[in-house]
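Everything on this sheet refers to the single structure shown next.
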Amino acid sequence: MNSKLRILAAILPAVVLLDVITKRWALNTLGGGRRMEILDGLVPLTLAFNRGAAFGISIGNDPRWFFIPVTILAMGLLAVLFVQSESGDRVKVVAIALILSGAVGNLVDRVRWDRGVVDFIGPIDLGFMHWPIFNVADSAITCGAVLLGISFWREERTRAREAVSESEDASATTETAPGG
């Protein structure tokens, strides 16, 4: 098994399992409007069901039939990106594995019922706003998206350096050419 598949095989089941277990815990512990706090009250735990997209963005009355195929399509695109990624680009491979894992975790909720995705971490008071309630899958998607952005940024910087280097090489060749 190559290193990309080993990374995916380690991350995907771990994140999905942690997501499923924590959501089940939240359903059993936080049902009926109960609330808990962790980290000395810094992080409240509140059960919520998100039928929409990130940050509670809503699309129609039964958005699950929109989000299920969109999620599957996104997972397909991520799989293509995963296959095309270099084995040595561990940041990109980990990023894609995290995003895929989070997508699978939230897809499980959308497929199993129409209540929406189980969220339970938050809302977190940041002083200037309340961060919306989220879950383990959302955290994996967010961390993966940040890492993927970093990976793309690094690739772009490398391409830019290579372009400058090629331009300088071409310039030097032209200056040293006879009659130049």
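For segment 84-126, what class follows from the C-alpha gyration tensor (a ≥ b ≥ c being the square roots of its eigenvalues): rounded when a/c is under 1.5, otherwise prolate if a/b is larger than b/c, else oblate?
oblate
Hey, what's the Kirkwood Rh for segment 36-127 if you take every pair of different alpha carbons, in angstrom?
Mean inverse Cα-Cα distance, inverted, gives 15.1 Å.
So for the chain, considering every pair of alpha-carbon atoms, how many percent are separated by more than 26 Å?
Distances greater than 26 Å cover 45 percent of the Cα pairs.
Assuming 0.36 nm per residue, please report the length gained on full extension of the stretch Ala53 to Asp114 beyond their Cα-Cα distance.
The Ala53-Asp114 span can extend by a further 20.6 nm.
With the crude spin-label approximation of a point 7 Å out along Cα→Cβ, what separation in nm comes out for Phe128 versus Ala172?
So the label points at Phe128 and Ala172 sit 4.7 nm apart.
³J(HN,Hα) across segment 69-75 via Karplus (A = 6.51, B = -1.76, C = 1.60, θ = phi - 60°), whole Hz, x for Gly/Pro?
x, 5, 5, 5, 4, 4, 5
Per residue of segment 137-148, in order, report the coupling 6.51 cos²θ - 1.76 cosθ + 1.60 (Karplus, θ = phi - 60°) as ³J(HN,Hα) in whole Hz, putting x for Gly and Pro.
Taking θ as phi minus 60°, the curve returns 4, 4, 5, 5, 4, 5, 4, x, 5, 5, 4, 5 Hz for segment 137-148.
Between Asp40 and Glu155, what is the label-point separation in nm under the 7 Å Cα-to-beta-carbon projection?
4.3
Scan around Thr46 for amide H atoms under 5 Å from its own, H built in the peptide plane at 1.01 Å from N, and keep only partners 5 or more places away or cross-chain.
Amide H neighbours of Thr46, under 5 Å, 5+ apart: Ile121, Gly122.
In a shell of Cβ-Cβ distance under 14 Å around Leu17, excluding Leu17 itself, what net charge do Lys and Arg (+1) and Asp and Glu (-1) give?
Neighbour charge sum, excluding Leu17 itself: +1.
Here, each number is a calculation from the coordinates, and none is a lab measurement. Just so we're clear, the structure is a prediction, and the values are computed from it rather than from any experiment. Heads up, the Cβs are rebuilt from the backbone with ideal geometry, glycines too, and the neighbour counts pull from every protein chain shown.
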